[in-house]
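Before any comments, here is the structure.
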Amino acid sequence: MSRKFYITTPIYYVNARPHIGHAYTTIACDTIARRHRLLGDDTFFLTGTDEHGQKIERAAQAAGKTPQQYADEISSEFRKLWQRMGISNDDYIRTTEERHKKRVQTLFRQIRDNGYIYKGTYTGQYCVSDELYVDGAQPGDPCPTCGRITETVHEENYFFKLSAFQDKLLELYANPDFVRPETRRNEVISFVRSGLRDLSISRSTFSWGIPVPDDPKHVIYVWLDALANYITAIGYGSSHAGAQAAFQKYWPADVHMIGKEIVRFHCVYWPAFLLAAGLPLPKAIVAHGWLLFEESKMSKSRGNIVRTETILDVLGADALRYFLLREVVFGQDGSFSFDALVQRYNSDLANGIGNLASRTLTMINRYFKGEVPYPSHTVAKKPADDVVAETARKAIKDFGVLFDQFQFSRALESAWGLIAAVDRYIVENEPWSLGEKQDDESRARLATVLYTSAEALRIATALAHPVIPDATAKIWTQMGLGDIKKLVLADLAWGQLPLGTKLGEISPVFPRADKSAIERMQKMEDQQKPVVEEPKQDSQQEPTPAKLQSVPAMTQSTDSARITIDDFAKVELRVGQVVVAERVPKSDKLLRLEVDLGTEVRQVLAGIAEAYAPETLIGRKVVIVANLAPRKLRGYESNGMIVAASLEGGKPVLASFLEDVPIGARLK
Ligand code: ME8
């Protein structure tokens, strides 16, 4: 009887378009799901979008749309991207779907009926970006997770008796497989040991959410709503027999895969909700690290994202899948760069598996009329043949063990170790020289060398299939082996390549990428960023305004120091309005500002406290460098820079306008 296997990604917020950070988790899960299907497991792979809550409501407002319109648009972008990438999810859940909403209400009722929900009043700080109640924070304090300023919430809420689960949760963490990797498990243990407070699980000051059953003034806390997707999608709370059977079959999940920033929600809140509802717990929660770009976490708010589409257009989905799983040590943070991507692509895909396939199959075509030759077991057999077979056997074993421990990088290393071994074997055995000779011994040796190479290629291809499904499916067909989906991975062993197999048509699977691939991808990404129009070549027109920061009179600008209009276009200067200004404790110079840019409110730290009293700045329009990488100053994240002239002695004077200008206007 086949085993069941249920794996989930987080459901992604619809306040941002998908980027390769989201693709990373989805690819990892897709790869695991594919491997389980090949192993014969009855596999269910779920992904979707998280569409309720204050953050989405505000993002929709800023975009001038209703939350539903907004969610529809972005959710469909995620869905289309996964389709384009060939992601093999079995369902796609949206939290605004009726099926989800009803079932979340059922879950709420169940927890309430079991005595774990009570009404109270919450006064405290809330981070809208993380949709997180920040215990112990004071008004004006930054969120410990993202550094954004928290908001004060004072409202009547429903509370969940989280404190009742402290001991039970600690018992759960005794199982080392429940939270992985170890570092995350330790973090969770120390968080829970430090004491759990009851959790507010409803909000009443906005309405974009699922109404609390029997009290629709409240909407259910977005994290309870979102986490429940893992059970609602497979039929929890449904009255249909089919859905109930699916829930019985697939729940509990085998793996919830997440990024490390949402560990607390998954490893503390989620199991507690399930325990309160009397439901079984997931078997493992696996947290990976962050993809970094230009040294900070890739995210929309930092403006340092790389779109997946760019890589798909230039190198294809397999290249991205391989790169992310091979290059990033799973569990740790990893940097993304186009240079590294192209380098890996060329060394491991074009020159690695791609080259092995084309050279081996081309020689079988040339010397054996396209039929897999019979190896010799007698005169033409050499110890080197057995070494390749042994390397392949070890790769099959190691790949499985490492992969099942989520060590994708090392698993791929073992499969590519086999490819490197065959490459060396081919060089040392020179099949092209053997092919020149007509004597029986040379022919027999040639047959053995090509059979050995082809068999090793088949094994590497089978192992790599879940990671690079398109290319391996092509190699499989080129080898004359038919549909790779029919492969039974559990039976994979050396020596199964049928003799005399007629090869299919051969074509390169990974054409080499040259340097222009990097430039093309870079350019495609730059084009996505807001562009400044070129000034018209009109002699009557004023030149581009002088720099806003004052330049000491002595500074000579030389040609080499000049920048092009494209360089200038990279700087996004916008008009913002100060909505909050306050001194930063223990700093004479710094003010903490919250600046409304029309589409969002940014926290910016500015070194202007000696020149401006904070209260004089409220309501003032300022110019802000909006696309500056964020940095931390005295524990606060500063997201942008206020532009000021710097006078002698360093006194700053804020840039301002004589005419009224709308918030958000771009300077160019
Ligand atoms: O947190 N590196 O949604 P989200 C690696 N809706 N992974 C990244 C990443 C990066 N730079 N950026 C995003 C939410 N991710 C909630 C989840 S689940 C019940 C609700 C991936 O849109 C990673 O998996 O902020 C991370 O946990 C997830 O996207 C966060 O997506």
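Quick look at the numbers
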{"item": "Of the criteria (1) closer than 30 Å to Tyr116 by Cα; (2) surrounded by 18 or more Cβ atoms within 10 Å (Cβ to Cβ); (3) in contact with a Gly (Cβ under 9 Å, 6 or more places away or on another chain), which one Lys260 fails", "result": "(2)"}
{"item": "Residue in region 76-93 that is over 17 Å from the mean Cα position of the chain (by Cα), in a helix (DSSP H, G or I) and within 21 Å of Ile231 (Cα to Cα) present", "result": "no"}
{"item": "Filtered residues of region 103-114 (kept if surrounded by fewer than 16 Cβ atoms within 10 Å (Cβ to Cβ) and in contact (Cβ under 8 Å) with a residue 12 or more places away in the chain)", "result": "Asn114"}
{"item": "Odd one out for Asp91, checked against (1) within 30 Å of Thr310 (Cα to Cα); (2) surrounded by 15 or more Cβ atoms within 10 Å (Cβ to Cβ); (3) of a type outside the set (Gly, Ala, Ser)", "result": "(2)"}
{"item": "Residue count for region 640-668, restricted to those that are touching a Leu at 6+ places or on another chain (Cβ under 8 Å), closer than 19 Å to Ala581 by Cα and outside any strand (DSSP E or B)", "result": "5"}
{"item": "Output for region 616-638, where each listed residue is modelled with pLDDT under 90, crowded, with 19+ Cβ neighbours inside 10 Å and part of a loop (DSSP other than H, G, I, E, B)", "result": "Pro630"}
{"item": "Odd one out for Val401 among (1) hydrophobic (A, V, I, L, M, F, W, C); (2) open to solvent by less than 20 Å² (accessible area, probe 1.4 Å); (3) without any contact (Cβ under 8 Å) to a residue 40 or more places away in the chain", "result": "(2)"}
{"item": "Index of the failed condition, Trp251 passing every other in (1) open to solvent by 10 Å² or more (accessible area, probe 1.4 Å); (2) closer than 27 Å to Gly289 by Cα; (3) more than 16 Å from the ligand (Cβ to nearest atom)", "result": "(3)"}
{"item": "Per-region count, region 19-51, residues in contact with a strand residue (DSSP E or B) (Cβ under 7 Å, 6 or more places away or on another chain) and either farther than 21 Å from Pro282 by Cα or of a type in the set (S, T, N, Q) (or both)", "result": "10"}
{"item": "Boolean, Asp135 is modelled with pLDDT of 95 or more and surrounded by fewer than 19 Cβ atoms within 10 Å (Cβ to Cβ)", "result": "no"}
{"item": "Which listed residue, of Ala241, Ala228, Ala272, is away from the ligand (no atom under 14 Å from the Cβ), open to solvent by less than 20 Å² (accessible area, probe 1.4 Å) and out of contact with any Gly (no Cβ under 7 Å at 6 or more places or on another chain)", "result": "Ala272"}
{"item": "Residue list for region 296-310, restricted to those being away from the ligand (no atom under 12 Å from the Cβ) and among the charged types (D, E, K, R)", "result": "Arg307, Glu309"}
{"item": "Filter result (open to solvent by less than 60 Å² (accessible area, probe 1.4 Å) and within 29 Å of Arg58 (Cβ to Cβ)) within region 68-86", "result": "Tyr70, Ala71, Ile74, Ser75, Ser76, Glu77, Phe78, Leu81, Trp82"}
{"item": "Test: Arg366 is under 29 Å from Glu182 (Cβ atoms), open to solvent by 10 Å² or more (accessible area, probe 1.4 Å) and over 13 Å from the mean Cα position of the chain (by Cα)", "result": "no"}
{"item": "Every pair of residues 6+ apart whose Cβ atoms lie under 6 Å, when the first sits in region 323-334 and is touching a residue at least 40 places away in the same chain (Cβ under 8 Å) while the second is among the hydroxyl-bearing types (Ser, Thr, Tyr) and open to solvent by less than 10 Å² (accessible area, probe 1.4 Å)", "result": "Leu324/Tyr24"}
{"item": "Residue satisfying all of: in region 328-363; polar (S, T, N, Q) and away from the ligand (no atom under 16 Å from the Cβ); surrounded by the most Cβ atoms within 10 Å (Cβ to Cβ) among these", "result": "Thr360"}
{"item": "Neighbours by Cβ (under 7 Å, 6+ apart or cross-chain): first from region 253-276, part of a loop (DSSP other than H, G, I, E, B); second within 9 Å of the ligand (Cβ to nearest atom)", "result": "Ala253/Thr8; Ala253/Tyr230"}
{"item": "Search result, residues across region 404-438 that are of a type outside the set (Lys, Arg), open to solvent by 70 Å² or more (accessible area, probe 1.4 Å) and free of Cβ contacts under 8 Å to residues at least 12 places away in the same chain", "result": "Asp404, Gln405, Val427, Glu430, Glu436, Gln438"}
{"item": "Matching residues in region 464-500 - criterion: being hydroxyl-bearing (Ser, Thr, Tyr) and either surrounded by 18 or more Cβ atoms within 10 Å (Cβ to Cβ) or at pLDDT below 95 (or both)", "result": "Thr472"}
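Yes or no, residue by residue, for (1) in a strand (DSSP E or B); (2) exposed (fewer than 14 other Cβ atoms within 10 Å of the Cβ):
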position	(1), (2)
Val153	yes, no
Glu156	yes, no
Ala164	no, no
Asn175	no, yes
Trp208	no, no
His218	yes, no
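Yes or no, residue by residue, for (1) of a type in the set (D, E, K, R); (2) near the ligand (Cβ under 9 Å from one of its atoms); (3) over 20 Å from Asp130 (Cβ atoms):
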| position | (1), (2), (3) |
| --- | --- |
| Ser2 | no, no, yes |
| Tyr12 | no, yes, no |
| Gly21 | no, yes, no |
| Gly53 | no, yes, no |
| Arg58 | yes, no, no |
| Lys65 | yes, no, yes |
| Gln69 | no, no, yes |
| Ile87 | no, no, yes |
| Asp90 | yes, no, yes |
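Let's see how each residue does on (1) modelled with pLDDT of 95 or more; (2) assigned to a strand (DSSP E or B); (3) among the polar types (S, T, N, Q):
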residue	(1), (2), (3)
Asn15	no, no, yes
Arg34	yes, no, no
Lys55	no, no, no
Arg58	no, no, no
Tyr70	yes, no, no
Ile111	yes, no, no
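The values are calculated or read from the model by the stated rules, or taken from the named source; none is laboratory data. Since the model is a prediction, treat every value here as computed from it, not as a measurement. With ideal geometry, Cβ positions are generated from the backbone for all residues, glycine too; neighbour counts draw on all protein chains shown. Accessible surface areas use protein heavy atoms only, side chains included; no ligands, DNA or RNA. Shrake-Rupley method; radii C 1.70, N 1.55, O 1.52, S 1.80 Å.
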